[in-house]
Amino acid sequence: MHWQREIWRRRQAAVLLSLLLAACSTADYQKPIDDFAAATTDANASLAQLNDQVTDAYKAVLDRSVIEGKMFIKMADANCQTTSERCQLIVLADEGDEGEPYPPQPPLTDMTLVMSGIASYAQNLKDLLAADTASQVETQVNATLASVQNLAATVATAEGRPAGSVPAFATPVGAAVNWVVGKYVDHVKEDGLQEATAAAKPVIRQAADRFAMTATFVSDVPRSELAEDVSKALDDFRANGNASTLSALASSAARYDQLLVSAPPQLFERLGVAHDALADALQDQGVTAADAMAQIEAFAAEAQKLAKIIKDIKAVGGEG
């Protein structure tokens, strides 16, 4: 009967509507996602500065070695000739060495590309939450998934392997949900956030693990530079013990201590943990939005701390 079908249709609509009304609002994720985006921006800037600082410090080491005659510099084979395609220099300890490029290549190029991709992804998550209509949400989710695809390709290239594909997002449809447009849009946002963060989770975890290993290696250069600065300040104090040289010694030791305590690799581990928590909270995997917020705050604090430390390390270099 027609009236029975109408009752059944209304019951279905009521059940679906109650589920939508009971669902956790994406507004609960506004601050976590905003803070995650801000923290990735800080981390991106810090990594770029660390890359510059390490490259400059290593160039200074090579310069001293060449000037002191411990290494020598020459043109790379078949370079810098009339018919050459390139003109590049290399430094080497003796003629039997293969040598290395001069000036040295930035060691974190792959990582800065990956971190830039993570920052782009995080900004897309933020823009997704700001979308006003289901159509805008769908467009923004697919932009977010595209950034995940680009990030996956960058990580895969850095690791010398092919990248997997990230599927597109389709807006969930249903006549009943259109009865409450605002709830429908929020429902689409939640689906989109779940899909985007789930797709990004393994990619960002791979990147974070790679960051941690690389950061451990590159921190050796600033350690050497700051240890030398402390040694020089101590020599100055011993040669001329006054308030000024004592203050300089204390400041130099404090800057080095900041680097040692900060453990730059920890920033990237925090990044992975923070995103894991955000994705798990959205997937209802036993993690709450508050839990995710706590992990994101820890990541943000590390990003801000590293930014300050790198600024201090740069100041040390400027004093030399």
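The values are calculated or read from the model by the stated rules, or taken from the named source; none is laboratory data. The model shown is predicted, which means the values in this text are computed figures rather than measured ones. Note: ideal-geometry Cβ built from the backbone for every residue, glycine included; neighbour counts use all protein chains shown. The area values use the complete protein model at the heavy-atom level, side chains included, leaving out ligands, DNA and RNA. Shrake-Rupley method; radii C 1.70, N 1.55, O 1.52, S 1.80 Å.
Here are some notes:
- Near pairs, Cβ below 9 angstrom, 6+ apart or cross-chain, from the range 132-144 (closer than 19 Å to Ser120 by Cβ and in contact (Cβ under 8 Å) with a residue 24 or more places away in the chain) to any residue that is in a helix (DSSP H, G or I) and of a type in the set (Phe, Trp, Tyr): Thr144/Tyr121
- The condition (being open to solvent by less than 60 Å² (accessible area, probe 1.4 Å) and either part of a helix (DSSP H, G or I) or touching a residue at least 40 places away in the same chain (Cβ under 8 Å) (or both)) is satisfied by just one residue among Ala45, Ala27: Ala45.
- Considering only residues in the range 282-300 that are open to solvent by 50 Å² or more (accessible area, probe 1.4 Å) and hydrophobic (A, V, I, L, M, F, W, C), the one that is farthest from Tyr29 (Cα to Cα) turns out to be Ala294.
- So Thr139, is it modelled with pLDDT of 70 or more and touching a Leu at 6+ places or on another chain (Cβ under 9 Å): no
- Restricting attention to the range 106-146, the residues that are under 17 Å from Val54 (Cβ atoms) and surrounded by fewer than 21 Cβ atoms within 10 Å (Cβ to Cβ) add up to 6.
- Residue count for the range 92-143 under the criterion of being of a type in the set (A, V, I, L, M) and outside any helix (DSSP H, G or I): the result is 4.
- Of the residues examined, Leu89 is one that is touching a residue at least 12 places away in the same chain (Cβ under 8 Å), surrounded by 11 or more Cβ atoms within 10 Å (Cβ to Cβ) and over 23 Å from Asp312 (Cα atoms).
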